[in-house]
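The values are calculated or read from the model by the stated rules, or taken from the named source; none is laboratory data. Computed from a predicted model, the values in this text were never measured in an experiment. As a convention, Cβ positions derive from the backbone with ideal geometry for all residues, glycine included, and neighbour counts pool all protein chains shown. Ligands, DNA and RNA are stripped out before the accessible areas are found, and what is left, the full protein with its side chains, is counted by its heavy atoms. Shrake-Rupley method; radii C 1.70, N 1.55, O 1.52, S 1.80 Å.
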Amino acid sequence: MTHFIEDHGLLRLLTCGSVDDGKSTLIGRLLFDSKSILADTLHAIEKTSQKRGMQDVDLSLLTDGLQAEREQGITIDVAYRYFSTGTRKFIIADAPGHEQYTRNMVTAASTANLAIILVDARKGVLTQTRRHSHLAHLVGIPHLLVAVNKMDLVDYSQQRFEEIKRAYLDFAEQLGIRDVRFIPLSALKGDMVVERGDRLGWYQGPTLMNILETAPGVEGRLTQPFRFPVQYVCRPQDSSNPELHDYRGFMGRVESGAIAVGDAVTILPSGLGSTVKAIELGGEALHEAVTEQSVTLLLADEIDISRGDMIVKSSELPTQTKRLDATVCWLAETPLDRARTYLIRHTTRDTRAKVAEIAWRVDVNSLEKQAVNQLAMNDIARVAFKLAQPLLTDPYAHNRGTGAFIVIDESTNNTVGAGMIAATGA
Amino acid sequence: MLFTTLKPKQRLLSHLDWLEAEAIHILREVAGQCSNPALLFSGGKDSICLLRLAEKAFRPGRFPFPLLHIDTGHNYPEVIEFRDRKAAELGERLIVRSLEDSMQRGTVVLKHADESRNKHQSVTLLEAIEEHGFDACIGGARRDEEKARAKERIMSFRDEFGQWDPKNQRPELWNLYNARSHKGENIRAFPISNWTELDVWQYIEREGLELPGIYFAHQRPVVLRQGSIVPVTDITPAKAGEEIIDLQVRFRTVGDITCTAPVESDADTIEKIIAETATTTITERGATRLDDQASEAAMEQRKKEGYF
């Protein structure tokens, strides 16, 4: 009997914390208890655990990917893990917790809809907890889940759990984090991860796995304005098939909102209007297309449209601008050079850009804003860019798809910065 | 303070629809950003999924890239037949470059006659890339296959020597892919990075995709060698003293004959294969790839040298 995971779709989540918080053990536990680890993988980590003189199988070894990491016993890069239950598929982005890897956490967070923030029950809310929460919030992860781990080491104390919860809520309020839940657990012993166990009887809420199985995905984006950056234009011009002679399909992925046949649309930046004549996917006609769906749009009028243009509903226009104010995370070892011209990639559109101003840099630990003149790797700052070509934007807080951009250094083609567009006046 | 739980019947994509939409988006980004890509097609199940995804991404137009196969000369004949027929059915251009040509040129030198040719494919691939000036190669690798792949980017940069530098990868954020490269460099694009083996089989079932027969249970002469089932073929004869037995087997991965082992199975339909995959206890490569068992870091090493 096959089991399709149709009802709850797919959830992308991020785990934040360091090896000390038991993050790798937690991921290992999720994979292990959901039976996503197969015998030969388990056998390999059993052997390694023995080699290192450990008594139990070290589940954290499951997430150590690269040779260099195994040698150093740390995680240096984002890794992606997959598991599914009867009702949902999960993609975990596993980001290293060390301070110098802010850029990795921002990378991992950029595609996540939920973040698990691990707190060691003995240590409580630390600077690192604040940093992770701040970054998760900054990158716009809609839902935070604070997992108070290692409850086995504090005698499964409800009092300790409540203390940590209060401390966390205090600073979450300062950050403006509203959507947050708490769960006590022991990844090592398996309490409240997939199984409830019998040592946390005072906790009445759902297990971690229950929360993950029912947490919201991208529903919020369905009600946002329709945004369709054009990736590719299909003009078959197949002489053997006259029906295709005038075919012009505008191919892309719905970044947000939904569109139906007959809707009035505007093409930007030209500003020309038309209506949706047909929506297709692989030759099949659809009545509508929703957020995250890749489709082909056909319009009623013959309009010149190319990659980089954006199709939107005529009633919901984005901002057209040649200046960006954005929170930028610098990703490259080479510092930002204010004298240089960079390439900005936003949706499917590229433009050259220069820094107009660095307003401030934020200390990710203290949240203090400091005046700076340049940006180094892992810095997070408010930067204004002047653009050679206009971009079609929404504030990142409203729309991740049209609020995000990357900065590319054309000499190396490396991705050197990640930007999140600020709300006007913010 | 609590986030409300999910309401059913909202217009969300199923997990397969989501994976499909992501893969189509990646294929279109390659087409939009790169001037001369190619799609690596081996006749294996992952690249068969890629072909369907390319149809969904680009029809009614032609694919904006040719299909490319690096043939080790050690492939199962039914897979090669399937490869040629599939390319013809789609009406797309298929380029085949052969490892044996590289051996004749002297660019591939085997240590001994029966050394596995698998890892030497990298040389022929790099030669094909240079010959045609490809700036991107689309491949069917998945992150769940192997530890080193779990950290590879969807658009993965290779230098002039085809090398992957795992510690110096381009950050990849949101769905803003950076497939830029200078002349001589190359991007490897992996549209089904986020798929698992089970996802692949479920997609094959849903789309009704045809596969080479060796994916389904069949009788085959084999020998048992160091815990693996080794098929007996002209290229891989039984060694002295080994007993040849007929076993009901199927292949979970299809590649070079010398390094791809079948598993014992009576799953002769896709439905049965899915049921088996959902309950299997051995990973895909663990069961069937003799080359990855060499060491824990075997794949990482090969990728650094220009492997897919």
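Here is a list: A:Glu302, A:Glu292. Which entry is in contact (Cβ under 8 Å) with a residue 40 or more places away in the chain and either farther than 20 Å from B:Glu55 by Cα or in the same structural domain as A:Leu138 (by TED's automatic domain parsing) (or both)?
On the way: A:Glu292 fails: either farther than 20 Å from B:Glu55 by Cα or in the same structural domain as A:Leu138 (by TED's automatic domain parsing) (or both).
Going through A:Glu302, A:Glu292 in turn, the sole match is A:Glu302.
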- [ ] Taking the options B:Ala136, B:Ala128, B:Ala113, B:Ala88, name whichever one is within 14 Å of chain A (Cβ to nearest Cβ) and either under 22 Å from the mean Cα position of the chain (by Cα) or open to solvent by 10 Å² or more (accessible area, probe 1.4 Å) (or both).
- [x] B:Ala136
- [ ] Might you let me know whether region A:338-347 holds any residue that is within 14 Å of chain B (Cβ to nearest Cβ), in a loop (DSSP other than H, G, I, E, B) and on the phi < 0 side of the Ramachandran plot?
- [x] no
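Specify the residue that is nearest to A:Ala326 (Cα to Cα); the eligible residues are those in region A:369-410 that are among the small types (Gly, Ala, Ser), away from chain B (no Cβ under 11 Å) and assigned to a strand (DSSP E or B).
So the first thing to find is which residues in region A:369-410 are among the small types (Gly, Ala, Ser), and the list is A:371, A:376, A:381, A:384, A:388, A:397, A:401, A:403-404.
Then keep just the ones that are away from chain B (no Cβ under 11 Å); that gives A:371, A:376, A:381, A:384, A:388, A:397.
Right, trim to assigned to a strand (DSSP E or B) and you get A:381, A:384, A:388.
Details: A:Ala381: 8, A:Ala384: 6, A:Ala388: 16 Å.
Out of the qualifying residues, it is A:Ala384.
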Open item on the list: Among the residues that make up region A:315-322, is at least one of them modelled with pLDDT of 95 or more, open to solvent by less than 10 Å² (accessible area, probe 1.4 Å) and either not small (Gly, Ala, Ser) or not in a loop (DSSP other than H, G, I, E, B) (or both)?
Closed with: no
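Among the residues of region A:174-195, is any in contact with a helix residue (DSSP H, G or I) (Cβ under 9 Å, 6 or more places away or on another chain) and more than 20 Å from A:Thr15 (Cα to Cα)? Steps first, please.
We begin by selecting, within region A:174-195, every residue in contact with a helix residue (DSSP H, G or I) (Cβ under 9 Å, 6 or more places away or on another chain); these are A:175-178, A:180-195.
From the residues that got through so far, the ones that are more than 20 Å from A:Thr15 (Cα to Cα) too are A:176.
Among the residues of region A:174-195, at least one is in contact with a helix residue (DSSP H, G or I) (Cβ under 9 Å, 6 or more places away or on another chain) and more than 20 Å from A:Thr15 (Cα to Cα), which makes the answer yes.
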Task: Matching entry among A:Gly283, A:Gly262, A:Gly273 (being farther than 23 Å from A:Ala423 by Cα, among the small types (Gly, Ala, Ser) and modelled with pLDDT under 95) - done: A:Gly283
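Regarding B:Ile187, is this residue surrounded by 22 or more Cβ atoms within 10 Å (Cβ to Cβ) and touching a Phe, Trp or Tyr at 6+ places or on another chain (Cβ under 7 Å)?
Details: surrounded by 22 or more Cβ atoms within 10 Å (Cβ to Cβ): yes; touching a Phe, Trp or Tyr at 6+ places or on another chain (Cβ under 7 Å): yes.
Criteria met by B:Ile187.
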Task: Subset of region A:289-310 (residues that are open to solvent by less than 50 Å² (accessible area, probe 1.4 Å), of a type outside the set (Gly, Ala, Ser) and farther than 20 Å from A:Ile421 by Cα) - done: A:Val290, A:Thr291, A:Glu292, A:Gln293, A:Val295, A:Thr296, A:Leu297, A:Leu298, A:Leu299, A:Ile303, A:Ile305
- [ ] Give, as residue ranges, the strands (runs of 3 or more DSSP E) completely inside region B:144-232 that count at least 3 residues that are over 30 Å from A:Leu10 (Cα atoms).
- [x] B:218-225, B:228-231
- [ ] Filter the strands (runs of 3 or more DSSP E) completely within region A:179-283 down to those with at least 3 residues that are crowded, with 17+ Cβ neighbours inside 10 Å.
- [x] A:180-184, A:227-234, A:249-253, A:264-268, A:272-281
- [ ] Enumerate the pairs (first residue in region A:328-346 and not assigned by TED's automatic domain parsing to the domain that holds A:Arg361; second residue anywhere and surrounded by fewer than 22 Cβ atoms within 10 Å (Cβ to Cβ) and among the hydrophobic types (A, V, I, L, M, F, W, C)) with beta-carbon separation below 9 Å, excluding pairs fewer than 6 apart on the same chain, so at least 6 apart or on different chains.
- [x] none
Task: Residues satisfying the stated conditions in region B:139-152, i.e. open to solvent by 20 Å² or more (accessible area, probe 1.4 Å) and farther than 21 Å from B:His69 by Cα - done: B:Asp144, B:Glu146, B:Lys147
Open item on the list: Checking B:Ser181 against (1) in contact with a helix residue (DSSP H, G or I) (Cβ under 9 Å, 6 or more places away or on another chain); (2) at the interface with another protein chain (Cβ under 9 Å from one of its Cβ atoms), only one condition comes out false. Which one?
Closed with: (1)
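Which of the residues belonging to region B:22-54 are touching a Gly at 6+ places or on another chain (Cβ under 6 Å) and part of a loop (DSSP other than H, G, I, E, B)?
Taking region B:22-54 first, the residues touching a Gly at 6+ places or on another chain (Cβ under 6 Å) are B:36, B:40, B:46-47, B:50.
B:Asn36 - this is the single residue of region B:22-54 that is touching a Gly at 6+ places or on another chain (Cβ under 6 Å) and part of a loop (DSSP other than H, G, I, E, B).
From B:Val79, B:Val96, grab the single residue that is over 28 Å from A:Glu243 (Cα atoms), outside any helix (DSSP H, G or I) and under 17 Å from the mean Cα position of the chain (by Cα). Walk me through it before giving the result.
Working: B:Val79 fails: outside any helix (DSSP H, G or I).
Going through B:Val79, B:Val96 in turn, the sole match is B:Val96.
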Task: Residue that is farthest from A:Val295 (Cα to Cα), among those in region A:218-247 that are of a type outside the set (A, V, I, L, M, F, W, C) and at pLDDT 95 or above - done: A:Pro225
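Conditions (1) in contact (Cβ under 8 Å) with a residue 24 or more places away in the chain; (2) away from chain B (no Cβ under 14 Å); (3) out of contact with any helix residue (DSSP H, G or I) (no Cβ under 8 Å at 6 or more places or on another chain); (4) open to solvent by less than 10 Å² (accessible area, probe 1.4 Å), marked per residue:
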| site | (1), (2), (3), (4) |
| --- | --- |
| A:Arg122 | yes, yes, no, no |
| A:Arg131 | yes, yes, no, no |
| A:Gln159 | no, yes, yes, no |
| A:Lys165 | no, no, yes, no |
Open item on the list: Is it the case, given these coordinates, that B:Asp199 is open to solvent by 60 Å² or more (accessible area, probe 1.4 Å) and either hydrophobic (A, V, I, L, M, F, W, C) or modelled with pLDDT under 95 (or both)?
Closed with: no
- [ ] Would you please list the contacts, defined by Cβ atoms under 8 Å and residues six or more apart or on different chains, that run from a residue in region B:15-35 that is facing chain A (nearest Cβ under 7 Å) and within 16 Å of B:Gly140 (Cβ to Cβ) to a residue that is at pLDDT 95 or above and in a helix (DSSP H, G or I)?
- [x] B:Ile24/B:Leu53; B:Ile24/B:Lys56; B:Ile24/B:Ala57
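Can you tell me which of B:Val123, B:Val109 is aliphatic (A, V, I, L, M) and assigned to a loop (DSSP other than H, G, I, E, B)?
Working: B:Val123 fails: assigned to a loop (DSSP other than H, G, I, E, B).
Step by step, each of B:Val123, B:Val109 is checked, and only B:Val109 is aliphatic (A, V, I, L, M) and assigned to a loop (DSSP other than H, G, I, E, B).
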